[in-house]
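Chemist: Following this message is one structure expressed as structure tokens.
The values are calculated or read from the model by the stated rules, or taken from the named source; none is laboratory data. Keep in mind that what you see is a predicted model, and the values were worked out from it rather than measured. As a convention, Cβ positions derive from the backbone with ideal geometry for all residues, glycine included, and neighbour counts pool all protein chains shown. To get the accessible areas, we keep the full protein, side chains included, count just its heavy atoms, and leave off ligands, DNA and RNA. Shrake-Rupley method; radii C 1.70, N 1.55, O 1.52, S 1.80 Å.
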Number of protein chains: 4
Amino acid sequence: MSSELRMAHDAFHGVFPYLVSPIDERGRVKDAVLIRLVDNLIDAGVHGLTPLGSTGEFAYLNREQRRRIVEIVVQATQNRVPVVAGVAATTIADAVEQAKMYEALGVSGILGILEAYFPVAEDGVVAYFTAMAKATALPLVLYTNPQFQRSDLTLTAIERLAEVENIRYLKDASSDTGRLLSIINAVGDRIKVFSASAHIPACVMLIGGVGWMAGPACVVPRQSVQLYELCQAHRWDQAMRLQAELWQMNRVFAKYNLAACIKGALELQGYEVGPPLPPQAPLSEVGRVEVGDVLRALGARAVTGMVD
Amino acid sequence: MSSELRMAHDAFHGVFPYLVSPIDERGRVKDAVLIRLVDNLIDAGVHGLTPLGSTGEFAYLNREQRRRIVEIVVQATQNRVPVVAGVAATTIADAVEQAKMYEALGVSGILGILEAYFPVAEDGVVAYFTAMAKATALPLVLYTNPQFQRSDLTLTAIERLAEVENIRYLKDASSDTGRLLSIINAVGDRIKVFSASAHIPACVMLIGGVGWMAGPACVVPRQSVQLYELCQAHRWDQAMRLQAELWQMNRVFAKYNLAACIKGALELQGYEVGPPLPPQAPLSEVGRVEVGDVLRALGARAVTGMVD
Amino acid sequence: MSSELRMAHDAFHGVFPYLVSPIDERGRVKDAVLIRLVDNLIDAGVHGLTPLGSTGEFAYLNREQRRRIVEIVVQATQNRVPVVAGVAATTIADAVEQAKMYEALGVSGILGILEAYFPVAEDGVVAYFTAMAKATALPLVLYTNPQFQRSDLTLTAIERLAEVENIRYLKDASSDTGRLLSIINAVGDRIKVFSASAHIPACVMLIGGVGWMAGPACVVPRQSVQLYELCQAHRWDQAMRLQAELWQMNRVFAKYNLAACIKGALELQGYEVGPPLPPQAPLSEVGRVEVGDVLRALGARAVTGMVD
Amino acid sequence: MSSELRMAHDAFHGVFPYLVSPIDERGRVKDAVLIRLVDNLIDAGVHGLTPLGSTGEFAYLNREQRRRIVEIVVQATQNRVPVVAGVAATTIADAVEQAKMYEALGVSGILGILEAYFPVAEDGVVAYFTAMAKATALPLVLYTNPQFQRSDLTLTAIERLAEVENIRYLKDASSDTGRLLSIINAVGDRIKVFSASAHIPACVMLIGGVGWMAGPACVVPRQSVQLYELCQAHRWDQAMRLQAELWQMNRVFAKYNLAACIKGALELQGYEVGPPLPPQAPLSEVGRVEVGDVLRALGARAVTGMVD
């Protein structure tokens, strides 16, 4: 990517769907369906793409599968929107290696995730994200998710990390929206905040957020973009009406395994992305019906063959 | 209270400070300071008063202290605003007795809290709140706080309780704002939602809430009322600017024991409410400095002798 | 009690059943069945009695019900074994008052429980138990239960409390047996340790415990005493065979609400103790069958009318 | 290994130290020190060796590092004792591949660990371990650790897995010893139970366990073997005296990151195993002093150059 394009893409904002990772039974990435999903999402107006988030099953893929997913997404995107790839590791060495690999593949930014088996002290957390940031010239999005991670990004750690040049964004997957306002009050001049599907995006926009990175945007991209635009225009009451409707989707997804749900919903929309990797269970029949109902209620693509 | 007044007061909305419970060393309620606090809060424009919430140390008072607190608050209020008293119990028998006693004292509503030692199944939760509601003619506010309670009000339980005639409000003290939107989507036509200090009140107003019940409103009543009015007027951007400033207070309170903090802050404002009941620790010296700084930053009464 | 008797009773050891609290529908203590239970347990050889433990629903009784339970148990016991009554409170003032009241009623010891709504710092925990100990001349048993309490007795707090003259015992209801060995290693010369039903009593005896305080001993008192005697005689292999059988009971009780289970089991044995206080649910039909099966397998009284 | 040897080794029992994974700054396995540790442990009488347990930092090593660790340990052991290698994965595909790889390298058994990002339902848990078991002819040890894992092996799941031919052992790293007795009561005829360092090994032996797999045995191997032999001889009182002393070590290790502690302790004993992989912190100076004190108190190798 040219430095001009990088700059343009650098100011990340708006709707970034978390892409699923379609893998066939023999462990190979299903290129065609992933390319088609990328194309359709960009056509629907999304502002960026995020492979290898939670919904992208980063914790279930091996190194080669991860690499291949990023490679396909970058190639399919053709610089139309920024690609921000997830880097998740337990060691600094692994995180640095992944970040460099994805930079070489042409991504526009890194979404940094710290995995852990033993709890990590704050100094270790800061060392990990600092090393990852310094490994590339790309902007880094800190990912924090108290629910699924064993170490948390405390406000103090975030304040220390905000001093690192290219740590520029934070994506929070807790459900504690007040925590986001505290972060914005403390470091909002240096770190921009993205919502996750556990927050109400319109509320996060109201308090100063710049967008959201979330799985559900894969299946309701147009409505998500519309919501973002209403928020951008400060038409809060109108935004809230759309938001209340879209929230049905967040709730149905919260009931099920995230990856199983988004993959199941995409299957309903005609994308043959397959089930999540075993032993994760595919979306149950009850779940399929419930997801289908919500999709139809929202006017989204909901049956195989439908045109979005 | 006349039935007319009751009706007027019945549509609870706006800012309801959680009153502290000033108790002297011999266990007697300090009438004078409580009466003065009630007067000043009503003068500052609050829309209601809530004795015996978490901040009111309901869990630390005996039966006679609780009764006396409610009696004083009702008398001092003189029907200028509705008084919604907390009823907290582990048994149905105790809850029913308290509710009847407070109704006899003249409160306008009941804030229902379920305490538990062993976990309670959903049927037990529903039976408890239903019995409490049926014990009086007063509107009941369901109180839910996953952090401090051993049983939670699930969405299903709330849907069942919404069928009870006088269960009309819910006050949620989780920090999960999305949960409130789900509740409003499901039963918003029957149950009105109040925020707690763990949520961003402006966000709860945006999604359809009707106000907040919270300890911090004791010390910044005028600013809280101003925020409520901006939200009511749908002036969301202006509301948000004030909200971001006020949030400093919520965060400083979240750092310390709630009752110790509000009592400490009120002492700084010249109300001799005393410390929380031992073995709870009073606000530390560091806490006092931090609370004082925030109060001054917000232009609130912050030193003994100041006039609000 | 004479000072001689008090001394004799003072060296608490062995099996202390947690007595249930039989309350009728109008809230009155059912004297007759409680007296009969006390008599039968003493005849079965138990070494002490503990009213107002968890199984005794201390958290569900009002002040007068608690007082009456202790009064009846003391009178029925007639100094045949020591009575150690539970004192549970959130404030120091309430704890001190209860302890004095039970001392006046003639108990031989106090089981001290700290309830809390807000977390309590270590200094507060130490102040609470110290004040309770100093309020009477009776030996105090510290009760610690990380599962149901909001504050924990850390090893440091226990070491500080071991300095108080009449804090002489500890009863631990965690399931972490290693924690008990750490406590014994640290303060075993001053504090004697009782097991709860969440530990394997024979293991606690092996590591240096002096007995157990637990609900199940109400329904299998003879077998519990036999197990204690085998442990006392250091016949560990024989003890373990009996222990493995008795453990079926602990597991079935762990599946259900403790009070509901013991009350349900006692009903099966012909004691009309009634259900736990609402909204706690009585033992389910499935639970009754399972408890009955275990009682029969253990050769315990298991049907109405059987003689133990 | 010949089928005769495999059979002999198959009846796993006794003390299995969890080996650390010594990795240099460039990510290479430090062969020499690992070989020396293996030799010394076998000379000290341990009954087996377990590479790639928690203490072995399985969650921090890449595929090649894991493979190399197992290869070295198998070669150094030369069939003197069984080697049971840890297989940890989030997907069935990865678990099966690792198990086959280690079987090909000559291990005697597999220690199966399920990692997860999203919670896994019981059917998924059973499918995972069943697939792993069927992938090789080796005996499988189920590893369960509620503290660090997102899915738990419930008693029901264990009962289902006990039906699989070569699932023969279970190693439990919870601290709930009663849970082990329930497991032994339910499936003790098919599944043999190993303790972890979170339990008191002598207690687990008393209730029917066959040994323990734990990090501390790396640094006090002779004392651990002596404890095992006393238990085997049913000399419980003598065993308990040694156990109480050795427990100091378990407690000091529980205070710190497991891998950091065992690596730090081994460094004190003259093994240059290095620090844990960053961002894990090495054992602090305070920790080194405390560990050194305990080692000396136990008469273990405690300073560089000492002969064990």
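Chemist: Can you tell me the Rg and Dmax of region A:15-173, counting just the alpha carbons, in angstroms?
Modeler: That works out to 15.1, 44 Å for Rg and Dmax.
Chemist: Quick one: net charge of residue A:80's neighbours, Cβ under 12 Å, K/R +1, D/E -1? Write out the running numbers ahead of the final one.
Modeler: Working: positive: none; negative: A:39, A:43.
Value of the local net charge: -2.
Chemist: Moving to a separate point now. Over both sides of the C-B contact, add up the buried accessible area with a 1.4 Å probe and give it to the nearest 100 Å². Don't skip to the answer; put the middle values down first.
Modeler: Numbers: alone 13030 and 13040 Å², together 23680 Å².
Heavy-atom accessible area buried at this interface is about 2400 Å².
Chemist: Using 26 Å as the Cα-Cα cut-off, could you pick out the over-long pairs in B:171/B:255; A:134/B:255; A:134/D:30; D:171/D:255; D:30/D:171?
Modeler: Numbers: B:171/B:255 21 Å; A:134/B:255 33 Å; A:134/D:30 28 Å; D:171/D:255 21 Å; D:30/D:171 28 Å.
In this structure, A:134/B:255; A:134/D:30; D:30/D:171 lie more than 26 Å apart at Cα.
Chemist: Still on this structure: Let me have the 222 nm mean residue ellipticity of chain D computed from DSSP H runs of 4+ only, each contributing -39500 (n - 2.57), with the sum over all residues rounded to the nearest 500.
Modeler: Working: 12 runs with 143 residues, N = 308.
Taken over chain D, the calculation gives -14500 deg cm²/dmol.
Chemist: Something else about it: Quick check on the protein assembly as shown: of the DSSP beta bridges with both residues there, what percent are antiparallel, nearest 5%?
Modeler: Numbers: 6 of 106 bridges.
So the antiparallel bridges amount to about 5 percent of the total.
Chemist: A further question on this structure: Looking at region C:155-203, which GluC sites (Glu not before Pro) are DSSP coil and have at most 16 other C-beta atoms within 10 Å of their C-beta? Don't skip to the end; give the middle numbers.
Modeler: On the way: sites: C:159, C:163, C:165; in loops: C:163, C:165.
Filter output for region C:155-203: C:163, C:165.
Chemist: Let me ask another. Mind checking C:116-124 for the average number of partner chain beta-carbons within 10 Å of each residue's beta-carbon?
Modeler: Going residue by residue through C:116-124 and averaging, the value is 6.
Chemist: For chain C, which cysteines have no disulfide-compatible partner, meaning no other cysteine Cβ under 4.7 Å?
Modeler: C:218, C:231, C:261
Chemist: Taking the Cβ of residue B:143 as the centre, find all other residues whose Cβ is under 11 Å away and add up their charges (Lys, Arg: +1; Asp, Glu: -1). Can you show the working numbers first?
Modeler: Numbers: positive: B:171; negative: B:115, B:172.
Net charge around residue B:143: -1.
Chemist: OK, next. Suppose we keep just the DSSP beta bridges with both residues in region C:1-138; what percent of those would be antiparallel, to 5? Write down the numbers at each step before the final one.
Modeler: Working: 1 of 9 bridges.
Percentage antiparallel, nearest 5: 10.
Chemist: Continuing with the same structure: Under the definition of partner shielding as Cβ atoms of other protein chains within 10 Å of a residue Cβ, what is the mean value for peptide D:19-30?
Modeler: Working: counts 0, 0, 0, 0, 2, 0, 1, 1, 4, 0, 0, 0.
Per residue, the average neighbour count from other chains is 1.
Chemist: Another question, if that's okay. Short version: ³J(HN,Hα) in whole Hz for each residue of region D:110-121, in order, from phi by Karplus 6.51 cos²θ - 1.76 cosθ + 1.60 (θ = phi - 60°), x for Gly and Pro, what are they?
Modeler: Each residue's phi maps through the Karplus curve to give 10, 9, x, 10, 9, 9, 7, 9, 8, x, 10, 6 Hz.
Chemist: Nearest-to-axis residue of chain A, judged by Cβ, for the A-to-D rotation, with distance in whole Å?
Modeler: A:63, 4
Chemist: Copy-to-copy spacing for residue A:80, label 7 Å out on the Cα-to-C-beta vector, in nm, shortest first?
Modeler: 6.3, 6.5, 8.7
Chemist: Here is a follow-up. So what are the ³J(HN,Hα) numbers for region B:52-60, from phi and the Karplus equation (6.51, -1.76, 1.60; θ = phi - 60°), rounded to whole Hz, Gly and Pro as x?
Modeler: 6, x, 4, 4, x, 6, 3, 6, 10
Chemist: Next question. Just the number please: accessible area per residue for region B:3-233, 1.4 Å probe, all protein chains included, in Å². Kindly include the intermediate steps, with their values, before the conclusion.
Modeler: On the way: 7430 Å² over 231 residues.
Counting only protein heavy atoms, the per-residue value for region B:3-233 is 32 Å².
Chemist: Per-residue mean of other chain beta-carbon atoms within 10 angstrom of the beta-carbon, peptide C:126-135?
Modeler: Numbers: counts 1, 3, 3, 1, 1, 2, 0, 0, 0, 0.
That works out to 1 on average.
Chemist: Let me check against my output: what whole-number percent is the relative contact order of chain D, with C-alpha pairs under 8 Å and at least 6 apart?
Modeler: Details: 566 pairs, mean separation 53.3, N = 308.
17 percent.
Chemist: I've got another one for you. If r is the Cβ-Cβ distance from residue D:154 to residue C:35 and R0 is 45 Å, what FRET efficiency results, to the nearest 0.05?
Modeler: 0.60
Chemist: Another question about this same structure. Mind checking region B:262-291 for GluC sites (Glu not before Pro) that DSSP puts in a loop (not H, G, I, E or B) and that have at most 16 other Cβ atoms within 10 Å? Mind showing how you got there, number by number?
Modeler: Working: sites: B:267, B:272, B:285, B:290; in loops: B:272.
Qualifying residues, ordered by number: B:272.
Chemist: Looking at region B:12-110, which chymotrypsin sites (Phe, Trp or Tyr not before Pro) are in a loop (DSSP not H, G, I, E or B) and have at most 14 other Cβ atoms within 10 Å? Mind dumping the intermediate values first?
Modeler: Working: sites: B:12, B:18, B:58, B:60, B:102; in loops: B:12.
Nothing satisfies the criteria.
Chemist: By DSSP, what percent of the beta bridges with both residues in region B:3-233 are antiparallel, rounded to the nearest 5?
Modeler: Working: 1 of 26 bridges.
Counting DSSP beta bridges with both partners in region B:3-233, the antiparallel share is about 5 percent.
Chemist: To continue, here is another question. Calculate one ³J(HN,Hα) per residue across region C:196-202 by plugging θ = phi - 60° into the Karplus curve 6.51 cos²θ - 1.76 cosθ + 1.60, and present them in order as whole Hz with x for glycine and proline.
Modeler: After applying 6.51 cos²θ - 1.76 cosθ + 1.60, I find 10, 6, 7, 9, 7, x, 4 Hz.
Chemist: Would you mind counting up the charge near residue B:234? Only other residues with Cβ under 14 Å from its Cβ, with Lys and Arg at +1 and Asp and Glu at -1.
Modeler: Neighbourhood net charge equals 0.
Chemist: Hey, can you grab everything whose amide H is under 5 Å from the amide H of residue D:195? Only 5+ residues off in sequence or another chain; H modelled, so Pro and N-termini drop out.
Modeler: Long-range HN contacts for residue D:195: D:210, D:211, D:212, D:213.
Chemist: Right, here's the next one. Based on the mean of other Cβ atoms within 10 Å per residue, sort peptides A:242-251, B:20-29 so the most packed one is first.
Modeler: Working: A:242-251: 20.2, B:20-29: 17.6.
Highest-to-lowest ranking by the protection proxy: A:242-251, B:20-29.
Chemist: Another question, then. How many angstrom separate the Cα center of region C:221-285 from the Cα center of region D:96-144?
Modeler: Rounded to whole Å, the Cα centres lie 37 Å apart.
Chemist: Compute the label-point distances linking residue D:165 to its equivalents in the other copies; points lie 7 Å from Cα along Cα→Cβ; give nm, one decimal, shortest first.
Modeler: 6.2, 7.0, 7.2
Chemist: For residue D:241, which inter-copy label distances result when the label point lies 7 Å beyond Cα on the Cα-to-Cβ vector, reported in nm to one decimal and in ascending order?
Modeler: Spelled out, the distances from residue D:241's label point are 2.7, 7.9, 8.4 nm.
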